[in-house]
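Following: one structure in structure tokens, then a few remarks.
The values are calculated or read from the model by the stated rules, or taken from the named source; none is laboratory data. Note that the structure is predicted; figures quoted are calculated from it, not measured. Here the Cβ is made from the backbone with ideal geometry for all residues, glycine too, and neighbour counts use every protein chain on show. Accessible surface is based on the protein model in full, side chains and every heavy atom, while ligands, DNA and RNA are left aside. Shrake-Rupley method; radii C 1.70, N 1.55, O 1.52, S 1.80 Å.
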Amino acid sequence: SGIHRNIPQVSKVKSVRLDDWDDAQVEFMASNGNNVAKAKYESKMPPFYYKPTFLDCQLLREQWIRAKYERKEFIHSEKQEPYSAGYREGFLWKRGRDNGQFLSRKFVLSEREGALKYFNKNDAKEPKAIMKIEHLNATFQPAKIGNPHGLQITYLKDNSTRNIFVYHEDGKEIVDWFNAIRAARFHYLQVAFPGASDVDLVPKLSRNYLKEGYMEKTGPKQTEGFKKRWFTMDDRRLMYFKDPLDAFARGEVFIGSKENSYKVLEGLPPSTQGNHWQHGITIVTPDRKFLFACETEDDQLEWITTFQKVISRPMLPQEYAGVFSHKAWRTNSSHLFPVREQDEQEGGSGVEQLLLLP
């Protein structure tokens, strides 16, 4: 209602209990209820356009309301060109990987080329990065990025997940970019899976993380001491970073299903030492145990609940395709690559059980 109050030329907000209603207003609502309004204002809504819920950030909810009622984008399909044309270019503020400064960079999204590219210089002929639509994800992260329009884009680079963080001053602009990425992925998946329905494809266009936050972790020998790291649960991949805005994860742990002997336990083994935080979590995998510690009991409960949801979900055939004899493998398309995790001890080199799914 707060968003609607800011567009008085379109919306009028009344309380059911606190305001007086005259007969004409009651009759208007009776004849123009939710179903009638939806049939009108969403009549030409493309299937790939992201429809936010109350859990989404303020920006997505506001731009949905403005697109639907103010700009009437889902009544007039020609107004959808910014995200449905199959090509988009423009400038976004991108966070530097090393210095943390946001600099203006040119981005080009091309369905025909199957890629999102960005250029370090306006007149550069070669892009700084080519992000394949096949492995692209975008999710709004205003709190983490520190900007209400902050968007996190991830893709595969050298078989590792690469994060970039961008924003645009104009809310419509960044949401149009977000939906253009979803449109490109939708059309890619339609070709890749010709028999799939829209209902099957839409959930795969972009994904929000199941949970993020700080935990402590120790290494494979469980004698290295615990270090505070930022964790991201992305589908079945538990990634951890030294800093939330790092470009690359320090490691990725695959979380399988209970049918494959994965389970999560509250607490740590009795012999565990070196953890500063007292609320432990143990994840049991076919090869080893992963030990984590949370700062608060609430954090511990939230992480355990998240892990349990993932473990209780049966694995999909494409997820099985990436598992090879329970070894440390990362998978990209039809190729398998052995992976060595960056060891956080000086002079060492440790191996984690790692798996990156397409």
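Please work out how much length the chain gains when fully extended from Ser197 to Arg112, using 0.36 nm per residue of separation minus the C-alpha to C-alpha distance, in nm with one decimal.
Extending this stretch completely gives an extra 28.4 nm.
Compute the separation of the alpha-carbon centres of the range 192-234 and the range 137-157 and state it in Å as a whole number.
A separation of 14 Å, based on Cα centres.
Could you check the spin-label model distance between Glu70 and Tyr214? Points 7 Å from the Cα along Cα→Cβ, value in nm.
It works out to 3.7 nm between the two label points.
Send over the Kirkwood Rh of the range 1-129, from the inverse of the averaged 1/r over different Cα pairs, rounded to one decimal Å.
Here the Kirkwood hydrodynamic radius works out to 18.3 Å.
What length, rounded to one decimal in nm, is gained on full extension from Lys242 through to Asp56, with 0.36 nm per residue of separation minus their alpha-carbon distance?
Full extension from Lys242 to Asp56 adds 64.4 nm.
With charges only on Cβ, +1 for K and R and -1 for D and E, what is the dipole size of the chain about its Cα centre, in debye, rounded to 20?
Taking the Cα centre of the chain as origin, the dipole is about 660 debye.
What does the chain give for Rg and for Dmax, in Å, if only its C-alpha atoms count?
Calculated on Cα positions, Rg and Dmax stand at 23.1, 78 Å.
Among Lys51/Lys79; Lys51/Lys263; Lys117/Lys144, which pairs are too far apart, with a Cα-Cα distance over 28 Å?
Over 28 Å Cα-Cα: Lys51/Lys263.
Under unit Cβ charges (Lys, Arg +1; Asp, Glu -1), what dipole magnitude, rounded to 20 debye, does the range 168-326 have relative to its Cα centre?
600
Would you mind computing the Rg to Rh ratio of the range 54-119 from its alpha-carbon coordinates, Kirkwood style for Rh?
1.07
Non-local amide H neighbours of Met215 (under 5 Å, H modeled in plane, Pro and chain starts lacking H): which ones?
For Met215, the qualifying residues are Arg229, Phe231.
Under 5 Å between amide hydrogens, which residues at least 5 positions from Gly251 or on another chain qualify, with H placed 1.01 Å from N in the peptide plane?
Amide H to amide H, under 5 Å and 5 or more residues apart or across chains, Gly251 pairs with Tyr240.
Dividing the alpha-carbon Rg of the range 1-58 by 2.2 N^0.38 Å yields what?
Normalised by 2.2 N^0.38 Å, the Cα Rg of the range 1-58 equals 1.37.
Run lengths n ≥ 4 of DSSP H only: what is the helix-derived mean residue ellipticity at 222 nm for the chain, with -39500 (n - 2.57) per run over all residues, to the nearest 500?
-6000 deg cm²/dmol
What is the angle, in °, between the Cα long axis of helix 171-192 and the longest principal axis of the Cα atoms in the chain? Nearest 10 is fine, range 0 to 90.
The answer is roughly 70 degrees.
What longest range of the chain stays clear of loop-exposed chymotrypsin sites (Phe, Trp or Tyr not before Pro) (DSSP non-H/G/I/E/B, at most 16 other C-beta within 10 angstrom)?
Longest stretch, sites excluded: 55-323.
Taking 8 Å as the Cα distance limit and 6 or more residues as the minimum spacing, I'd like the relative contact order of the range 49-158 as a percentage.
14 percent.
Each residue of the range 222-232 in order: what ³J(HN,Hα) in whole Hz does its phi give by Karplus 6.51 cos²θ - 1.76 cosθ + 1.60, θ = phi - 60°, with x for Gly and Pro?
6, 10, 8, x, 9, 10, 6, 9, 8, 10, 10
What residue among Phe178, Val108, Tyr83 has its Cα farthest toward the positive end of the dipole of the chain, where the charges are +1 on Lys, Arg and -1 on Asp, Glu, each on the Cβ?
The Cα lying farthest towards the positive end belongs to Val108.
Summing +1 for each Lys or Arg and -1 for each Asp or Glu, what net charge is found among the other residues whose Cβ lies under 11 Å from the Cβ of Lys40?
Value of the local net charge: +3.
Using a basic spin-label model with each label point 7 Å from the Cα along Cα→Cβ, how many nm lie between Asn120 and Glu27?
If labels sit at Asn120 and Glu27, their model points lie 6.9 nm apart.
Among Pro194, Gly280, Gly267, which residue has its Cα positioned farthest towards the positive end of the charge dipole of the range 172-306, with +1 placed on the Cβ of Lys and Arg, -1 on the Cβ of Asp and Glu, and the dipole taken about the Cα centre?
Going by the Cα projections, it comes out as Pro194.
Quick one: Cα centre-to-centre distance for the range 113-128 and the range 32-92, in angstrom?
28
Are any of the pairs Lys121/Lys172; Lys121/Lys228; Lys14/Lys38; Lys106/Lys227; Lys12/Lys44; Lys38/Lys204 more than 29 Å apart by Cα-Cα distance, and if so, which?
Over 29 Å Cα-Cα: Lys121/Lys228; Lys106/Lys227.
When the chain is fully extended, how far beyond the present Cα-Cα distance does Asn34 get from Glu169, taking 0.36 nm per residue of separation?
My answer for the length gained is 45.4 nm.
With the full set of protein chains in place, find how many percent of the accessible area of the range 120-174 is carbon and sulfur; take the probe as 1.4 Å.
44
For every other residue with a beta carbon closer than 12 angstrom to the beta carbon of Asn275, add +1 if it is Lys or Arg and -1 if Asp or Glu, then tell me the sum.
Once all neighbours under 12 Å are counted, the net charge is 0.
Based on the Cα atoms of the range 84-236, what semi-axes does the equivalent ellipsoid have, where each is the square root of 5 times one gyration tensor eigenvalue, given in whole Å with the largest first?
Over the Cα atoms of the range 84-236, the ellipsoid semi-axes are 28, 21, 15 Å.
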